[in-house]
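Chemist: Okay, handing you the structure first.
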Amino acid sequence: MNVAQEPAGLSPARRAAAVGTFDGVHRGHLQVIDAARKAGLRTTVVTFDPHPRAVLGREVELLVTLQRRLELLADAGVEDVLVLPFDERLAALSAEEFAEDVLRGIGTETVAAGETFRFGRGRDGDLALLARLGFDVRRVPLVENLSSSRVRELLHAGEPERAARLLGRPPEVEGIVVRGDGRGRELGFPTANLDVPEELLVPPDGVYAGAALDRRAAISIGTNPHFDGVERRVEAHLLDFDGDLYGERLLLEIWSSIREQRRFDSLEELVAAIGDDVVRTRAADRPG
């Protein structure tokens with residue numbers, strides 16, 4: 001998959017462009033991409049980074065990093081991606097300027113987007129405008145409760161299984177493995193501690209069943225109250241794994257909630273609880 005950050009970075013081609021932020025690349029996004037693919041032209045995604053809402057002063061927690069978004073778009077069969085740096089200059093473009101300079105500029109003939117898609121300065125542009133400008137518009141109907149915002153709501157509510165049904169795969173937490181306190185190894189359950197990008201959404205505190213590196217993983221999110229922790233951490237015990245992951249990028253799939261974080265009456269009770277977490281992780285089903 002070819003990735004460019006300006007229209008000139010893509011080679012000339014007759015294109016069908018799917019346009020949007022595509023945070024999470026959920027089932028609705030895949031429908032937009034499929035609508036573009038059916039045009040029979042070069043399937044291209046036009047997307048933005050950082051998220052427009054963040055630049056315009058509205059807080060947003062991302063479901064995936066840009067790197068992961070691109071990986072998921074490649075998995076969806078996209079041939080080219082134009083990642084437009086969303087800044088004040090881009091935000092100031094009129095809808096007509098965006099359509100002509102960006103979309104027409106990369107050879108777009110067909111545009112696919114959700115039916116409520118808006119673009120351009122003041123969000124003045126819509127699919128009807130693109131049709132008037134001569135583009136073949138593929139309008140993708142919205143599916144109720146299928147959106148990145150809804151996925152965020154479900155994750156904040158501690159419902160990863162329902163979020164997975166919208167995504168078409170388990171939700172994820174991503175980060176670089178860093179050194180922790182080493183307590184997990186001392187207890188017989190070594191963990192990979194993640195440095196998670198601050199813009200990513202992290203599910204509520206608790207212990208979850210999940211997976212990483214094609215292995216099941218018992219995942220702890222929280223401050224580790226048994227040891228009076230104050231720093232919120234994400235750490236994962238990969239089942240049947242013994243290796244050095246320091247410095248590596250790790251994707252954790254979040255499958256289901258096992259229990260809340262809490263303080264135990266003794267270290268023995270904590271070890272027993274972690275052992276039960278592992279048993280329940282082995283029995284968990286992958287959602288999505």
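Bear in mind that the values in this text are calculations on the coordinates, not laboratory data. The structure displayed is predicted, hence computed values, not measured ones. Counting neighbours? That spans all protein chains shown, and the Cβs are built from the backbone with ideal geometry, glycine included.
Chemist: Could you give P(r) for region 152-256, binned at 10 Å from zero, as whole percent values over all Cα-Cα pairs?
Modeler: Calculated P(r), rounded to whole percents: 15, 50, 30, 4.
Chemist: Turning to a different aspect of this structure: Computed over the Cα atoms, what is the radius of gyration of the chain divided by 2.2 N^0.38 Å, N being its residue count? Walk me through the numbers before you get to the answer.
Modeler: Working: Rg = 21.5 Å, N = 288, 2.2 N^0.38 = 18.9 Å.
This ratio for the chain stands at 1.14.
Chemist: DSSP loop trypsin sites (Lys or Arg not before Pro) in region 107-212 with at most 11 other Cβ atoms within 10 Å of their Cβ, which ones?
Modeler: Numbers: sites: Arg118, Arg121, Arg123, Arg132, Arg138, Arg139, Arg150, Arg152, Arg162, Arg165, Arg179, Arg183, Arg185; in loops: Arg118, Arg179.
Loop-located and lightly packed - Arg179.
Chemist: Also, quick follow-up: Quick check on the chain: helices-only [θ] at 222 nm, where DSSP H runs of length 4 and up contribute -39,500 (n - 2.57) each and the sum goes over total residues. Nearest 500, please.
Modeler: Details: 9 runs with 74 residues, N = 288.
Calculated mean residue ellipticity at 222 nm is -7000 deg cm²/dmol.
Chemist: So which GluC sites (Glu not before Pro) in region 48-88 end up in coil per DSSP with only 14 or fewer other C-beta atoms within 10 Å? Spell out each step's value before the answer.
Modeler: Details: sites: Glu59, Glu61, Glu71, Glu79, Glu88; in loops: Glu59, Glu61, Glu79.
Taking region 48-88 and a limit of 14 other Cβ atoms within 10 Å, the loop GluC sites (Glu not before Pro) found are Glu59.
Chemist: Further question: How about region 98-185: which GluC sites (Glu not before Pro) there lie in a loop by DSSP and see at most 14 other Cβ atoms within 10 Å? Write down the numbers at each step before the final one.
Modeler: Values: sites: Glu100, Glu109, Glu115, Glu144, Glu153, Glu161, Glu172, Glu174; in loops: Glu115, Glu144.
Taking region 98-185 and a limit of 14 other Cβ atoms within 10 Å, the loop GluC sites (Glu not before Pro) found are Glu115, Glu144.
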